[in-house]
Amino acid sequence: SAEQRPCLFGWQAIPDNARTVTICEGEIDAMTLYQYGYPALSVPFGGGKGAKQQWLEHEYHRLERFDRIYLCFDNDKAGHEALEEVAPRLGRHRCYRVVLPRKDANECLTAGVQSLAPYFDDARTFDPVQLRSAAEFVDEVIGEFWPGEEQAHRRICLPWDKAHGELELREAELSVFFGINGHGKSQVANNICVDAMAQGHRACIASMEIKPQKMLKQITRQAAAVTGSIPSIPYIRAVMDWLGDKLWIFECVGTAKADELLEVMDYACKRYGVNLFVIDSLMKCGFAEDDYNAAKLFVERLCDFKNANNCHVILVAHSRKVESESSRVGKMDLKGTGAVADLCDTLVAVVRNKRKEEARKSGSTDYDNQPDTFLYCDKQRNGDGKEPRIGLWLNHATMQFVNYEGQRPKQYVDWSGDVEIVR
């Protein structure tokens, strides 16, 4: 009748000493479940959510004595909505969902189902989706120790043999490449992208410091690997055609808003299968240099993005001013908030060998055997403790970094036509 307190039907059939009870969606179902051997209560207004489940506030105290509550709601939309509201409020830890072979208990009875025991035995708790048993990860853990062809393909090997097995870019990771202005951070990142595309990956570069055509000029030189001069126009077209379905550009010279950048990245990932992103640089992502909270929030969002999409993100950052350009910058020299170094998976300092350059200018050969650039890995969360130092030589004609002085750069695009135009 009107204006009565909503309550559960069937309390008279529940033993006083019972610590297990079943809640269903209709009075007939409650009686049917009792007939099957499961004392049950029925909600007063059926499935659904909101006002239909007002009984919870009135019956909550009477249900406190039960250690286990089976929820046997109808297998339809309204029943699912009711479960989503009832289980969290009664306590996920003691609620178990029963999935019957028919819409409800009464249909099971009329269909001749002899016993509901198998379905009650298979009832599952309403664990949060984020909570999983460690045993569920067995295949993933085996893949970490013994990566199959698919797992190996998802990893991005750096272009240099000496880095293999020492420093890798893995899926669902954020790498930060940082250093002093002019030390080649962007050039290293572009070199990695070109080689990654040759490995079968797709890349997206957000270069907010230079125009796209200037950045693509460098990438074209790296991919063409023409020494002594510049690639011919037909060869440039061949390289750009090779890049066509592998490389995507976020066009924004200046400061990009973080929201817009992440939205475009998400689209590129879902629409075109991009799994390697380069953001160049952190200081151009739409917040003030001293706004550490905004920078921290942005890096947190990048971590959420790479985890949700199983992709790799390279973030280019700058270091603080140091006494000399010959100094070896480390993680403590990373400009801005320390949260960047804390949150990233891999941290690499790019250091140009200024001592070698200055010595050559003065005619000295003291540093000739040293590399032109060093990559100092200051953090590699998933690298089994490895934090290597990798020395590289720069081939100026191709703008590629190579393993040793005099090594021939990689040619990424086959070309048998007129390759070079001599200036």
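Figures for the structure shown
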| quantity | calculated |
| --- | --- |
| Close pairs from region 1-26: first within 26 Å of GLU107 (Cβ to Cβ), partner open to solvent by 30 Å² or more (accessible area, probe 1.4 Å) and acidic (Asp, Glu), Cβ under 8 Å, at least 6 apart | PHE9/GLU27; GLY10/GLU27; THR20/ASP67 |
| Positions within region 188-216 being closer than 14 Å to LEU392 by Cβ and either free of Cβ contacts under 8 Å to residues at least 60 places away in the same chain or touching a helix residue (DSSP H, G or I) at 6+ places or on another chain (Cβ under 7 Å) (or both), in sequence order | ASN190, ASN191 |
| Any hit, region 87-103, residues being surrounded by fewer than 19 Cβ atoms within 10 Å (Cβ to Cβ) and of a type in the set (Val, Ile, Thr) | yes |
| Number of the condition not met by ALA295 [criteria: (1) on the phi < 0 side of the Ramachandran plot; (2) in contact (Cβ under 8 Å) with a residue 60 or more places away in the chain; (3) crowded, with 20+ Cβ neighbours inside 10 Å; (4) of a type in the set (Gly, Ala, Ser)] | (2) |
| Count - residues of region 168-224 that are part of a strand (DSSP E or B), under 28 Å from ASP414 (Cα atoms) and in contact with a strand residue (DSSP E or B) (Cβ under 6 Å, 6 or more places away or on another chain) | 6 |
| Residue count for region 31-79, restricted to those that are within 22 Å of PRO118 (Cβ to Cβ), modelled with pLDDT of 95 or more, open to solvent by less than 10 Å² (accessible area, probe 1.4 Å) and part of a helix (DSSP H, G or I) | 2 |
| Elements of type helices (runs of 4 or more DSSP H) in region 84-167, at least 1 residues being under 30 Å from HIS201 (Cβ atoms), in contact with a helix residue (DSSP H, G or I) (Cβ under 7 Å, 6 or more places away or on another chain) and at pLDDT below 95 | 138-145, 149-154 |
| Qualifying position, being among the aliphatic types (A, V, I, L, M) and touching a Phe, Trp or Tyr at 6+ places or on another chain (Cβ under 8 Å), among ALA341, ALA308, ALA294 | ALA294 |
| Members of region 271-292 found to be among the aromatic types (Phe, Trp, Tyr) and open to solvent by 60 Å² or more (accessible area, probe 1.4 Å), listed by number | TYR272, TYR292 |
| Yes/no for GLN4 being more than 44 Å from the chain's Cα centre (by Cα) and part of a helix (DSSP H, G or I) | no |
| Residue within region 357-380 that is farther than 25 Å from SER207 by Cα, of a type outside the set (Ser, Thr, Tyr), in contact with a helix residue (DSSP H, G or I) (Cβ under 7 Å, 6 or more places away or on another chain) and at pLDDT below 95 present | yes |
| Residue check, VAL239 over 26 Å from ARG170 (Cβ atoms), at pLDDT below 95 and crowded, with 21+ Cβ neighbours inside 10 Å | no |
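Every residue, every condition in (1) closer than 20 Å to GLU171 by Cβ; (2) of a type in the set (Val, Ile, Thr), yes or no:
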site: LYS306; (1), (2): yes, no
site: SER326; (1), (2): no, no
site: THR346; (1), (2): yes, yes
site: VAL350; (1), (2): no, yes
site: ARG389; (1), (2): no, no
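The values are calculated or read from the model by the stated rules, or taken from the named source; none is laboratory data. Values in this document were obtained by computation on a predicted structure and should not be read as measured data. Please note: Cβ atoms are built from the backbone with ideal geometry, for glycine as well, and neighbour counts cover all protein chains shown. SASA here: full protein model, heavy atoms, side chains in, ligands and nucleic acids out. Shrake-Rupley method; radii C 1.70, N 1.55, O 1.52, S 1.80 Å.
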